[in-house]
Structure formats: C-alpha cells, structure tokens
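To start, the structure under review is shown below, and the notes come after it.
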Amino acid sequence: MARSDRIVILTGAGVSAESGLGTFRDEGGLWAKFDPMKLATPEAFADDPETVLGFYNARRANLSDAKANAAHHALAELEQNWMMDGRSDFLLVTQNIDDLHEQAGSASLLHMHGELLRTRCSLCDHLFYDREDMAIDRLCPACTKAGGLRPHVVWFGEMPLGLDQIYAALSRCDLFVAIGTSGTVYPAAGFVSEARRNGAHTVELTLEPGEISDFFSERHYGPATEVVPEWVQGLG
Ligand code: BJW
C-alpha cells in the first residue's frame, strides 16, 4: 500500500471490551439484556426518567474502574508518530461514550455518540463534566432548575455529534480504519462506503466478520488488544 497521509479511524464498543466494558450486541451485551427503546431514546427518557438515569448512573460507576487497554494505547501512539512524521490529518472518531481513548492520550478525538462523564441540562443546554449520579430533582448548576439533567449521550433518533467534521475528514482521507464495531448503527455504519467512494484504502480490525465487512479491502480478525497493536506496528 502507498504511504497514507490522511487517516480516519472509527472505534466501537469492541475496542473497550477487554477493559471490562460490555459491548451492545454480542452475547451478554447491553442490548441483549435490555431493550434499547426503553433506555436509549428521548421518548424513554420522557416516559421514565428515573429508569433511564439509573441505567446511566450505573454505567458511570462501572466506568470509574475501567483502564485503557493495549488497543487504546496503540492508537494514541499511532497518532503521536503520525503527526511527528509530518503527516497532515489524523482523526479518531469514537462511537464509545467511555473515556478510555483520552486515558491513553489520544488528542484528535471526536465522541460522535457523546460522553458518559458529561451531563447536559436539556433546559438551558449547559454541559459539564460530572461523575456524580444524575437525578430528576438535582439542580442544574447553571440555570438552577431541576428536571433537565440528562447524560450527554446520543440516543436513537438524535443527531450524532460532529458530523460536518467527520464527513469533511472522510472526503479527504486516504486510509479509513474501523475497529471493534458491528456496523449496525447509522450513520457510522455508512462511513466505510463514504471513504471508499472518495478513494480511501479501508481496513477492518475486529473480533469477527460483521454486517459491513465486505465493504473493507483489508480485514484482520481477533481481540482488539492483539490485532490493533499488530496492525499499527505493521504500518511502520
Ligand atoms: C471486539 C471485541 C474485542 C467484541 N476485540 N472486537 C433503519 C435503517 C437505517 C438507519 C435507521 C433505521 N432506523 C433507525 C435508523 C437510525 C438509527 C440506526 O442506525 N438504527 C439501527 C439500529 C438500524 N440511528 C440513529 O438513530 C442515530 N441518529 C441518526 O441516525 O440521526 C439522523 C441522521 C440522519 C442522517 C444522517 C445523520 C443522522 C443515532 C444513533 C445513536 C446510537 N446510540 C448508542 C447508545 C449511546 C449511548 C449509550 O452507550 O448508551 O450508541 S446505541 C449503541 O450502538 C451505542 C454504540 O455507539 C452504537 C454502535 O455499537 P457498536 O460500537 O458497533 O457495538 P456493538 O456491540 O454493536 O458491536 C461490537 C463489535 O465489537 C462487534 O462486532 C464484536 O464482534 C466486536 N468485539 N469484542 C475486538 N475484544
């Protein structure tokens, strides 16, 4: 493969699986145990905010013990080397709401489905870092009203974040890599086609072939903590 200068990497739940954070659609995954329509939609939050906030509070608590793994570290190292080598563009887009890429040191990072450690007030749009439990009677620190606090995550039917920046990067990248994602949720599942249309080389690194594997020109299957560092090393 010719030298690549502009790279977009998309990560999904599989990159954090070996850090102890559950995926969504694997056996025993979150959406195998719980109905996403009752927990991850604006309608669910309107109907039963206590249950939805309880679900995200539990995941916040679970996140406090999670540590970045070898795959997160390999991607942070790749970014450092990429930029030191004078290459122009590096964008890591994650669908994950955990903070493990930040822990590993990734800087050019976009959380397209939001961040679990941020709370947003749906009454005044105030956004803040938060490790405490959310509750319907907790007051927003900005507008001081109760009832508006919600996790800063993107639920089904809501617009993912940073799409203009992502599509701009996809339109000019010459290497697109998807890691640990099942390719079932749009628009992220369509990024590989977008990158291909623009002439990028496309690589899939995940545990096993999934819905969109046929769209990738290069594929490596196995646990992220093995395939990601190996692939990064192979880039030279
Ligand atoms: C390993 C591993 C290891 C395991 N090593 N690998 C009909 C058709 C098309 C689209 C739609 C439709 N009906 C509705 C839609 C739209 C909808 C959608 O896509 N639905 C589909 C389910 C059909 N999308 C939306 O609503 C999105 N918004 C939207 O579309 O806005 C309008 C719009 C229109 C046009 C342009 C742009 C926008 C919003 C989606 C929000 C998703 N939210 C969630 C929850 C976030 C908060 C939370 O965490 O609670 O995001 S759902 C969940 O799925 C989460 C994830 O980010 C997302 C993707 O999951 P991911 O990461 O792929 O995880 P898994 O579990 O599916 O896969 C894990 C993979 O890892 C597997 O492949 C394993 O093999 C692998 N793995 N262990 C390596 N150790």
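The values are calculated or read from the model by the stated rules, or taken from the named source; none is laboratory data. Model, not experiment: these values are computed from the prediction. Every residue, glycine among them, receives a Cβ derived from its backbone with ideal geometry; neighbour counts consider all protein chains shown. The protein model used for the area step is the full one, side chains on, heavy atoms only, and it has no ligands, DNA or RNA in it. Shrake-Rupley method; radii C 1.70, N 1.55, O 1.52, S 1.80 Å.
Below is a table of values for the structure above.
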{"item": "Close pairs (6 angstrom Cβ cut-off, 6 or more residues apart or separate chains): more than 16 Å from the ligand (Cβ to nearest atom) and charged (D, E, K, R) in segment 134-163, open to solvent by 60 Å² or more (accessible area, probe 1.4 Å) and in a loop (DSSP other than H, G, I, E, B) anywhere", "result": "Lys145/Leu123"}
{"item": "Unmet criterion (only one of (1) assigned by TED's automatic domain parsing to the domain that holds Val15; (2) over 19 Å from Ala13 (Cα atoms); (3) open to solvent by 50 Å² or more (accessible area, probe 1.4 Å)) for Pro141", "result": "(1)"}
{"item": "From the options Thr184, Thr206, residue that is assigned by TED's automatic domain parsing to the domain that holds Glu102, under 20 Å from Ile7 (Cα atoms) and within 16 Å of the ligand (Cβ to nearest atom)", "result": "Thr206"}
{"item": "Among (1) over 20 Å from Gly157 (Cα atoms); (2) within 14 Å of the ligand (Cβ to nearest atom); (3) crowded, with 17+ Cβ neighbours inside 10 Å, the one test that Asn62 misses", "result": "(3)"}
{"item": "Of residues in segment 65-82 being closer than 22 Å to Phe191 by Cβ and without any contact (Cβ under 8 Å) to a residue 60 or more places away in the chain, the one surrounded by the fewest Cβ atoms within 10 Å (Cβ to Cβ)", "result": "Ala76"}
{"item": "Filter result for Gly20 (at pLDDT 95 or above, within 19 Å of Gly222 (Cβ to Cβ) and surrounded by fewer than 16 Cβ atoms within 10 Å (Cβ to Cβ))", "result": "yes"}
{"item": "Whichever residue in segment 31-58 is out of contact with any strand residue (DSSP E or B) (no Cβ under 6 Å at 6 or more places or on another chain) and of a type in the set (Ser, Thr, Tyr) and, among such residues, is nearest to the ligand (Cβ to nearest atom)", "result": "Thr41"}
{"item": "Residues of segment 98-118 satisfying the condition of being in contact with a His (Cβ under 6 Å, 6 or more places away or on another chain) and free of Cβ contacts under 8 Å to residues at least 60 places away in the same chain", "result": "Ala104, Leu109, Gly114, Glu115, Arg118"}
{"item": "Only listed residue being open to solvent by less than 20 Å² (accessible area, probe 1.4 Å) and within 18 Å of the chain's Cα centre (by Cα), chosen from Leu170, Leu161", "result": "Leu170"}
{"item": "Residues that are surrounded by fewer than 19 Cβ atoms within 10 Å (Cβ to Cβ) and not hydroxyl-bearing (Ser, Thr, Tyr), drawn from segment 115-129", "result": "Leu117, Arg118, Leu123, Cys124, Asp125, His126, Leu127, Phe128"}
